[in-house]
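Chemist: Pasting a structure here, questions to come.
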Amino acid sequence: MKLELVDAKKWITLFVEKLESNQTILNELDTAIGDGDHGTNMKRGAEAVTAALEKKEPETLADLYKTTAFAMIQKVGGASGPLYGTAFLDMSKAVKNDDLELSDLIQIGTDGLKRRGESDTGMKTMIDVWQPVSDALKADKFDQSVIDAALENVKGLVATKGRASYLEEKSKGHIDPGAQSSAYLFESLIEVLGE
Amino acid sequence: MKLELVDAKKWITLFVEKLESNQTILNELDTAIGDGDHGTNMKRGAEAVTAALEKKEPETLADLYKTTAFAMIQKVGGASGPLYGTAFLDMSKAVKNDDLELSDLIQIGTDGLKRRGESDTGMKTMIDVWQPVSDALKADKFDQSVIDAALENVKGLVATKGRASYLEEKSKGHIDPGAQSSAYLFESLIEVLGE
Amino acid sequence: MKKIINNVEDIVPEMISGLVRTNADLVKQIDGTTAVVRNDPKFKENKQVGIVSGGGSGHEPLHAGYVGDGMLSAAVAGEVFTSPTPDQIYEAITAVDQGQGVLLIVKNYSGDVMNFDMAKEMAEADDIEIKTIVVDDDISVKNSEFTQGKRGVAGTALVEKIVGAAARSGMNLADLATLGQKVIDNIKTIGIALHAATVPAVGHPGFELGDDEIEYGIGIHNERGYAVEKIRPAKELANELIEKILKEFSDQSGDFAILVNGMGGTPLMEQYIFANDVLNELAAKKVKVSFSKVGNLVTSLDMQGISLTIMKADADWIKYLKEPVTTIAW
Amino acid sequence: MKKIINNVEDIVPEMISGLVRTNADLVKQIDGTTAVVRNDPKFKENKQVGIVSGGGSGHEPLHAGYVGDGMLSAAVAGEVFTSPTPDQIYEAITAVDQGQGVLLIVKNYSGDVMNFDMAKEMAEADDIEIKTIVVDDDISVKNSEFTQGKRGVAGTALVEKIVGAAARSGMNLADLATLGQKVIDNIKTIGIALHAATVPAVGHPGFELGDDEIEYGIGIHNERGYAVEKIRPAKELANELIEKILKEFSDQSGDFAILVNGMGGTPLMEQYIFANDVLNELAAKKVKVSFSKVGNLVTSLDMQGISLTIMKADADWIKYLKEPVTTIAW
Ligand SMILES: Nc1ncnc2c1ncn2[C@@H]1O[C@H](COP(=O)(O)OP(=O)(O)O)[C@@H](O)[C@H]1O
Ligand SMILES: Nc1ncnc2c1ncn2[C@@H]1O[C@H](COP(=O)(O)OP(=O)(O)O)[C@@H](O)[C@H]1O
Ligand SMILES: [Mg+2]
Ligand SMILES: [Mg+2]
Ligand SMILES: [Mg+2]
Ligand SMILES: [Mg+2]
């Protein structure tokens, strides 16, 4: 399965909409186990992505992901800026290869996260959503239940990367804010694929 | 009427006792129209007076008042320290004259307050208790009702000296903290005279 | 009340002890007092008129934080919000007199005025020449012959800086007193509080404000102000205070200095935002700002709030304000 | 939430604007960024290795308050509690490079580390030599290969002072990085909060504490600590923190430096009282304190609380700490 440009645009648009409308939830999740700003950070990124896409309509998938990446890198800051930025930048480079499957694309984004964050699954980060989604896409079993299960799993983990890791055991029982924003990303993808 | 040394000692002892047990009330009065420390200031003075009197038993009335004055001047600070200090210092000097009536003594203390504070009756200060007490003593009509009336009068005044004057009209309706501590002084006197 | 203290009665001596022990190259404590005096080598080398200030504690870094070459010679700390006693002030005076007399900088409160007055009388008995200037920069209080008059607030720091620099330059006592009075006449301050201070001995805030209320015209001892209103954007607060203050100056040409002062519990972030708005509005009004300073200079314990001080300044005063100084906190 | 601000989104640019406009002789803003760079004449005259730090805002005066001769060359301010972006850090690097390379001082947070890393990659593409040191002085967090590791907190100010002074003295980039790392390895900090900070975009305190409770081991971004307990006298708090910190040093002989740091909403009065208790306890334990500093150096918005930093120091480091410096806030 591959994503057409028009669908990919919808995907990103839905994502930034969800970020804007769920700022408070993301901040609250981050207040519990981080520093309370993940919603604000992603909202800033969302606005920057919207502005960049309006300024210049992307003509290729590579363009679209690169514009998204640059907006995130330059406007989000924090941990999530370079992470989302790196994932989309790597996806932008890879998507120039016409044969790239959607499942490969997401795996490449996931690998970008792992490289930038020096991290992996099981550390209670956004990677714990990206990797299961990538796996499900490969197995052609991607739906909402994958995301729900990933979030449920993240909730039970003890954080070992990012601010939440300072809380050690106490980080258990909370959804990681970056995992939640990534859930919005992939829920947007489901909406696009379901059409 | 004159006060014997033994009675004067009782007077001062009762006064410092009342100051110690009414610290909170005086602080609260001062919180309403001042800076909330009159009780703490007077408690510090009370402890200093007690310590000084224990250290060296005064042998004359002049000694007693001077010891009280010095303790107040050195330990109270704020506005009330120099005021009570000056009143007792002036009383200490004057009491060396054997003919001095109690009413004259209190008037001399009152005059000391007026000099040090550059103030007079009607300004919502401790003077509004001292002067009526002095007047009543002169007229041989000194009892609790004089103090009650003075406090009632003070309550209705607008402050024009001390911190309470910053509140202008809003200072009305509150008892001046210095007037209240002076009321304790003269209630102690009544207890001594009543015996 | 939650405070990092031990016994309430030990607050001031322990604070002064902490201050002098962590700044031993700058200041030392005068034995048996809670007064601090310069301890830098230049103090003995360059003789000058002594500059002594002081007052109740709770306004840190005022005054002890301003002791040093080019500012105060000594500072006397009273109990919290309570004027120091005459004997302590007298000790500070004698510790700094170098034969050229001593200037006392007093904030206009009954207690301070009376205690410094008694100390002055004591020092004069030792033939030390003394002059006193009384700072009364808070324009939220009406000045009238029939009241205590205006309070001394944040502008005190500017007075101490200017007079201190002038004293270092060799100015004599009479001229320093004249300069100080002229400076005081040209300083206007007004403050707002978002949350009152908690006096340790009292244990709760001096007054209560609603979740969206601020009090205009507060003093530095929890004295209430002239109005309680809903909080507004920093910009509007700045404009309101500026308008109130500028009314006090008949002439708005020439140099001005500003001080944006945090009350103790308000972070620098908000102070800089407010300062930015102040500079915008003064620029719009064509008022020339030749010196500006931002920070917790004259505080009120843990009060949340801010004050704005505007001074109409001679070129000399601006120079004195800008001169480097070696103190804990300027 | 009551704060003296305008729009939440404008907090950082307005704050930086207020800071540079009120300190124009010391610093200037880099166009199109919220980074500030030295603006004193010596900056151009005496060429040296550039020292750049930065991080989320809300810790003022860190870092912009430490830009000046003998400390930082530039500071980059991110959004509140949010790492600045690589493009802004890159601008700061290019603004201060004088051909001798640039040292980045980064606090150990995922975001800071990643964004400074991206900026380093960008600057290296311009052939600017870059080294990075990562401050991780907060011992309330366990250090392990499997976590983010310890956080960078108040000790950062000491690192910036020592490395800044060494850079001014002409030390080269490689030696500065080595020195900085050695300093970091010898700094230990632990903090307590009486009241959490309110992030403006969030609008309420990060966590709630009871009227008599304090939290041990908090970070500077409202990160909760390792224990909530009833508040105790300053003396006991000092002893508790000292004991925790001294355990980290195998050798308690030689020189030590201490920093008592206010978190933003705690008045100097309490900081000095606490410092006094710290000095008492260290004296009792025969630990030699050769440098001490007290104040709001590395804050957390309006958090009420305090942190204690203890550093085992070489004689050289003490000298670097004591050297005069021309910054807004050191
Ligand atoms: N090293 C890392 N690897 C992967 N993800 C990380 C890492 N560090 C942080 N994250 C993710 O970033 C999220 C926090 O983002 P955000 O709150 O915007 O940044 P900050 O932590 O700087 O405030 C976390 O919830 C987590 O998902
Ligand atoms: N100028 C004055 N003349 C007479 N009494 C005064 C004057 N100023 C203050 N007082 C008295 O002092 C009292 C306040 O004392 P206190 O609270 O101990 O000192 P402070 O005002 O310095 O905090 C007032 O209630 C008032 O009675
Ligand atoms: Mg966050
Ligand atoms: Mg009082
Ligand atoms: Mg008082
Ligand atoms: Mg953050």
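Here, each number is a calculation from the coordinates, and none is a lab measurement. Given the structure is predicted, the values throughout are model-derived calculations rather than measurements. Note that each Cβ is placed from the backbone with ideal geometry, even for glycine, and that neighbours are counted across all protein chains shown.
Chemist: Among chain C residues, which Cβ is nearest the axis of the C-onto-D rotation, and at how many Å?
Modeler: Taking the axis that maps C onto D, the answer comes out as C:Gly265, 2.
Chemist: Write out the GluC sites (Glu not before Pro) in the stretch A:1-107 meeting two conditions: DSSP loop, and at most 10 other Cβ atoms within 10 Å of their Cβ.
Modeler: A:Glu4, A:Glu59
Chemist: Considering only the protein assembly as shown, what is the antiparallel percent among its DSSP beta bridges, to the nearest 5?
Modeler: If I count the DSSP bridges inside the protein assembly as shown, around 55 percent turn out antiparallel.
Chemist: Take chain D, mark every one of the trypsin sites (Lys or Arg not before Pro) that falls in a DSSP loop and has at most 13 other Cβ within 10 Å, then report the longest stretch left between them, sites excluded.
Modeler: D:143-246
Chemist: Placing +1 at every Lys and Arg Cβ and -1 at every Asp and Glu Cβ, with all other atoms neutral, what dipole size does the stretch C:122-242 have around its Cα centre, in debye to the nearest 20?
Modeler: Dipole of the stretch C:122-242, to the nearest 20 debye: 340 debye.
Chemist: Any chance you could list the semi-axes, whole Å, largest first, of the equivalent ellipsoid that the Cα gyration tensor gives for chain D, using √(5λ)? Write down the numbers at each step before the final one.
Modeler: Values: eigenvalues 178, 114, 62 Å².
In descending order the semi-axes read 30, 24, 18 Å.
Chemist: In square nanometres, what is one fourth of the surface area of the convex hull spanned by the alpha carbons of chain B?
Modeler: Dividing the Cα hull surface by four gives the mean projection, 9.4 nm².
Chemist: Counting each DSSP H run of 4 or more residues in the protein assembly as shown as -39500 (n - 2.57), what helix-only mean residue ellipticity at 222 nm follows after dividing by all residues, to the nearest 500 deg cm²/dmol? Intermediate results must be reported in sequence, preceding the final value.
Modeler: Details: 36 runs with 484 residues, N = 1050.
One gets -14500 deg cm²/dmol as the mean residue ellipticity at 222 nm.
Chemist: Once you average over the residues of D:205-213, how many Cβ atoms of partner chains fall within 10 Å of each Cβ? Before the final figure, lay out the partial values.
Modeler: Numbers: counts 2, 6, 3, 0, 1, 1, 2, 2, 1.
Going residue by residue through D:205-213 and averaging, the value is 2.
Chemist: Post the alpha-carbon centroid distance, the stretch D:192-246 to the stretch C:285-320, in whole angstrom.
Modeler: When both Cα centres are located, 33 Å separates them.
Chemist: Calculate log10 I(q)/I(0) of the stretch D:110-162 for q = 0.15, 0.16, 0.22, 0.30 Å⁻¹, where I(q) comes from the Debye formula with a single equal point scatterer on each Cα and nothing for solvent.
Modeler: -0.54, -0.60, -0.92, -1.12
Chemist: Please list, short to long, the whole-number percent of alpha-carbon pairs of the stretch C:187-321 in consecutive 10 angstrom bins beginning at zero.
Modeler: Here the calculated profile for the stretch C:187-321 is 13, 43, 32, 11, 2.
Chemist: Starting at the first residue of the stretch B:109-116, write each ³J(HN,Hα) from the Karplus equation 6.51 cos²θ - 1.76 cosθ + 1.60 with θ = phi - 60°, in whole Hz, x for Gly and Pro.
Modeler: Each residue of the stretch B:109-116 in turn: x, 4, 5, x, 4, 5, 5, 5 Hz.
Chemist: Non-local amide H neighbours of C:Ser292 (under 5 Å, H modeled in plane, Pro and chain starts lacking H): which ones?
Modeler: Residues meeting the amide H criterion: C:Ile258.
Chemist: For chain B, which longest stretch is free of loop sites, where a loop site is one of the trypsin sites (Lys or Arg not before Pro) that DSSP puts outside H, G, I, E and B and that has at most 15 other Cβ atoms within 10 Å?
Modeler: With trypsin sites (Lys or Arg not before Pro) excluded where exposed in loops, chain B gives B:3-55 as its longest stretch.
Chemist: While we're on this one: Apply the Karplus parameterisation 6.51 cos²θ - 1.76 cosθ + 1.60, with θ equal to phi minus 60°, to every residue of the stretch B:86-93 and state each ³J(HN,Hα) to the nearest whole Hz, in sequence, with x for glycine and proline.
Modeler: 5, 4, 6, 5, 5, 5, 5, 5
Chemist: Summing Lys, Arg as +1 and Asp, Glu as -1, what charge do residues with Cβ under 11 Å from the Cβ of B:Gln107 carry, B:Gln107 excluded?
Modeler: Taking every Cβ under 11 Å from that of B:Gln107, the sum is -3.
Chemist: Where does each of D:Leu279, A:Leu26, D:Leu308 land when they are ranked from fewest to most other beta-carbon atoms within 10 angstrom?
Modeler: D:Leu279, D:Leu308, A:Leu26
Chemist: Same structure again: Work out the charge dipole of chain A with +1 on the Cβ of Lys and Arg and -1 on the Cβ of Asp and Glu about the Cα centre, then indicate which of A:Thr125, A:Ser145, A:Gln74 is farthest towards its positive end.
Modeler: A:Gln74
Chemist: If we count every other residue with Cβ under 10 angstrom of D:Gln148's Cβ, Lys/Arg +1 and Asp/Glu -1, where does the sum land?
Modeler: Values: positive: A:Lys161, A:Arg163, D:Lys150, D:Arg151; negative: A:Glu118, D:Asp136.
With Lys, Arg at +1 and Asp, Glu at -1, the neighbours total +2.
Chemist: For the pairs A:Lys170/D:Lys150; C:Lys2/C:Lys150; D:Lys42/D:Lys312; D:Lys28/D:Lys293; A:Lys2/A:Lys96, note any where the Cα-Cα span goes beyond 23 Å.
Modeler: The answer is C:Lys2/C:Lys150; D:Lys42/D:Lys312; D:Lys28/D:Lys293.
Chemist: Report, to the nearest 10°, how far helix C:173-185 tilts away from the longest principal axis of the Cα atoms in chain C, using its own Cα long axis and a range of 0 to 90°.
Modeler: Taking Cα atoms only, the helix is inclined about 10 degrees.
Chemist: Here's another thing I want to ask about it. Counting Lys and Arg as +1 and Asp and Glu as -1, each charge on the Cβ, what is the dipole of the protein assembly as shown about the Cα centre in debye, to the nearest 20?
Modeler: Here the protein assembly as shown has a charge dipole of around 1840 debye.
Chemist: Still on this structure, please answer the following. Helix C:86-96 against the longest principal axis of chain C: what's the angle in degrees, Cα atoms only, rounded to the nearest 10?
Modeler: Approximately 70 degrees, to the nearest ten.
Chemist: Give me B:Ser182, C:Ser140 sorted ascending by neighbouring Cβ count inside 10 Å, so fewest comes first. All intermediate terms of the calculation are to be shown ahead of the outcome.
Modeler: On the way: B:Ser182 30, C:Ser140 24.
Ranked by crowding around the Cβ, least crowded first: C:Ser140, B:Ser182.
Chemist: Another one. What does the structure give for D:147-153 when I average, per residue, the other chain Cβ atoms found within 10 Å of the residue Cβ?
Modeler: So the per-residue partner count for this stretch is 4.
Chemist: In the neighborhood of D:Leu321, defined by Cβ-to-Cβ distances under 9 Å, what is the net charge if each Lys or Arg adds +1 and each Asp or Glu adds -1?
Modeler: Taking every other residue near D:Leu321 into account, the sum is +3.
Chemist: Sorting A:Leu100, B:Leu113, C:Leu241 on the 10 Å Cβ count, fewest up front, what's the list? Can you show the working numbers first?
Modeler: Values: A:Leu100 16, B:Leu113 23, C:Leu241 29.
Ascending Cβ contact count within 10 Å gives the list A:Leu100, B:Leu113, C:Leu241.
Chemist: Magnitude of the Cβ-charge dipole of the stretch A:5-194, K/R +1 and D/E -1, about the Cα centre, nearest 20 debye?
Modeler: My answer is approximately 540 debye.
Chemist: Take chain C, mark every one of the GluC sites (Glu not before Pro) that falls in a DSSP loop and has at most 12 other Cβ within 10 Å, then report the longest stretch left between them, sites excluded.
Modeler: Details: sites that count: C:Glu145, C:Glu208.
Counting only loop sites that pass the neighbour cut-off, the longest clear stretch is C:1-144.
Chemist: Taking Cα centroids, how far is the stretch C:51-72 from the stretch B:110-156 in Å?
Modeler: The stretch C:51-72 and the stretch B:110-156 have Cα centres separated by 37 Å.
Chemist: Could you point to the residue in C:Thr156, C:Ala77, C:Ala284 farthest towards the positive end of chain C's charge dipole, with +1 and -1 charges on the Cβ of Lys/Arg and Asp/Glu respectively?
Modeler: C:Ala284
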